[in-house]
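The values are calculated or read from the model by the stated rules, or taken from the named source; none is laboratory data. Small disclaimer: the values here were computed from a predicted structure and weren't measured. Here the Cβ is made from the backbone with ideal geometry for all residues, glycine too, and neighbour counts use every protein chain on show.
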Amino acid sequence: MDLAIQKEVLERVGGGVERLLDLAAEIARHVGAGAAVSPPRLTLHLTSGRAIEGLLVDRTDDISESALVIRALPSGSTAPSLTWVRVRSIDAVTLHDPELLLAELQVPVPPSREALEQRAAELSAEISLALGSEVTIALEPLSPSAARMQLRALDRLLEALGTVLVDLCGEPLGRQALGGVRRIELATGDLLDIRLDGETLRATIPRSSLHWPEREELRGRLEAVF
C-alpha cells in the first residue's frame, strides 16, 4: 500500500476499531440507499478466536447492544448469507482494499433540500421571464432511507436540465415548444424518463450516478416529447 494512502487511512480511522466501523457503516448505508459505491470488505477477528470475512451491509444499534450485519462472500456453490455480529465480541478488524474505502469517503455531501428549492425557484424565475408566462418547478418528496441519493441526483438534474431549458428558451423553436409548459416536476428513480402530461413536464433522473445522462442526451429526450 502507498505510504500516503496508509497515512490517510490512519488519520481517518484515528479513533481505532469503533471509528473504522462507523466509517464503514456510513458507506454501507450509502450502498443501501442506492449509491454507486462499493460496500466495505472486512475481516472481523472475534474474541472467541473465530474470523468472519465479508461485506458490511449495516450496523444496527439499540439500547442493549450494537451489531454488524455481514454478507459473507460465497465460495463455490455456497449461497450468500448474512451474519449478525455483536460489536462487543470483536477484538480486531482487518480492512481490505483501504484505497477503496478512502475513495468512497470522498463522495460529496449533497446540498440541502432548502438549497435545491432555492435554485429551483431561481431557475423558475429565469424560465418564466424568458417565456413570458409563469412556470413553477417542484421537487419530489424525500424518502428517509434514500434522501442522500435523491438530493445528489436532484442536484445533478437541476444543473443539467436547467442548462438545457435555459438554452431552449434562447431559441425561437425552443420557446415555442416550452410555451405551453406551466409546471416542471423533478424526480429520481431507476431510469431516465422525460414526459409531457398536458401543461406539466416531468423529468426523472436515475439515483445512481453511474447512469446520469449528459446534457446532450437530456436535450434529445426533451426535444422528443414536444
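Scan segment 64-85 and tell me whether some residue there is of a type in the set (Val, Ile, Thr), at pLDDT below 80 and under 20 Å from the mean Cα position of the chain (by Cα). Within segment 64-85 (the criterion being of a type in the set (Val, Ile, Thr), at pLDDT below 80 and under 20 Å from the mean Cα position of the chain (by Cα)), the answer is no, since none of the residues qualifies.
Condition check ((1) out of contact with any strand residue (DSSP E or B) (no Cβ under 8 Å at 6 or more places or on another chain); (2) buried (at least 20 other Cβ atoms within 10 Å of the Cβ); (3) within 25 Å of GLU26 (Cα to Cα)) across all residues:
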position	(1), (2), (3)
GLU134	yes, no, no
LEU142	yes, no, yes
ARG183	no, no, no
THR204	no, no, no
HIS211	yes, no, yes
PHE226	no, no, no
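Can we say THR200 is under 19 Å from ALA138 (Cβ atoms), touching a Ser or Thr at 6+ places or on another chain (Cβ under 9 Å) and of a type in the set (Ser, Thr, Tyr)? No: the conditions fail for THR200. The numbered conditions (1) modelled with pLDDT under 70; (2) closer than 19 Å to ARG86 by Cα; (3) in a loop (DSSP other than H, G, I, E, B) are all true for SER38 except (2).
Taking into account only those residues within segment 47-63 that are polar (S, T, N, Q) and modelled with pLDDT of 80 or more, which is nearest to the chain's Cα centre (by Cα)? Looking at the filtered set, the residue picked out is THR47. If you check ALA125, ALA121, ALA153, ALA115 for being in contact (Cβ under 8 Å) with a residue 12 or more places away in the chain and either surrounded by fewer than 18 Cβ atoms within 10 Å (Cβ to Cβ) or over 23 Å from the mean Cα position of the chain (by Cα) (or both), only one passes: ALA121. Consider segment 110-131 and keep the residues that are over 30 Å from GLU171 (Cβ atoms) and part of a loop (DSSP other than H, G, I, E, B). The one that is modelled with the highest pLDDT is SER112.
Checked against (1) on the phi > 0 side of the Ramachandran plot; (2) touching a residue at least 24 places away in the same chain (Cβ under 8 Å), GLY132 passes all but a single condition, namely (2).
Suppose we filter segment 167-226 for residues that are of a type outside the set (Lys, Arg) and part of a loop (DSSP other than H, G, I, E, B); how many remain? Break it down into steps so the answer makes sense when it comes.
Residues of segment 167-226 of a type outside the set (Lys, Arg): 167-174, 176-181, 184-194, 196-201, 203-206, 208-214, 216-218, 220, 222-226.
Now restrict to residues that are part of a loop (DSSP other than H, G, I, E, B): 170-171, 179-181, 190-192, 198-199, 208, 212-214, 226.
The total comes to 15.
Among the aliphatic types (A, V, I, L, M) and farther than 22 Å from GLY220 by Cα: which single residue out of LEU151, LEU131, LEU191 fits that description? Step by step, each of LEU151, LEU131, LEU191 is checked, and only LEU151 is among the aliphatic types (A, V, I, L, M) and farther than 22 Å from GLY220 by Cα. At pLDDT 65 or above and not acidic (Asp, Glu), is that true of VAL17? Criteria met by VAL17. When GLU134 is tested against the conditions (1) closer than 17 Å to VAL225 by Cβ; (2) in a loop (DSSP other than H, G, I, E, B), the lone failure is (1).
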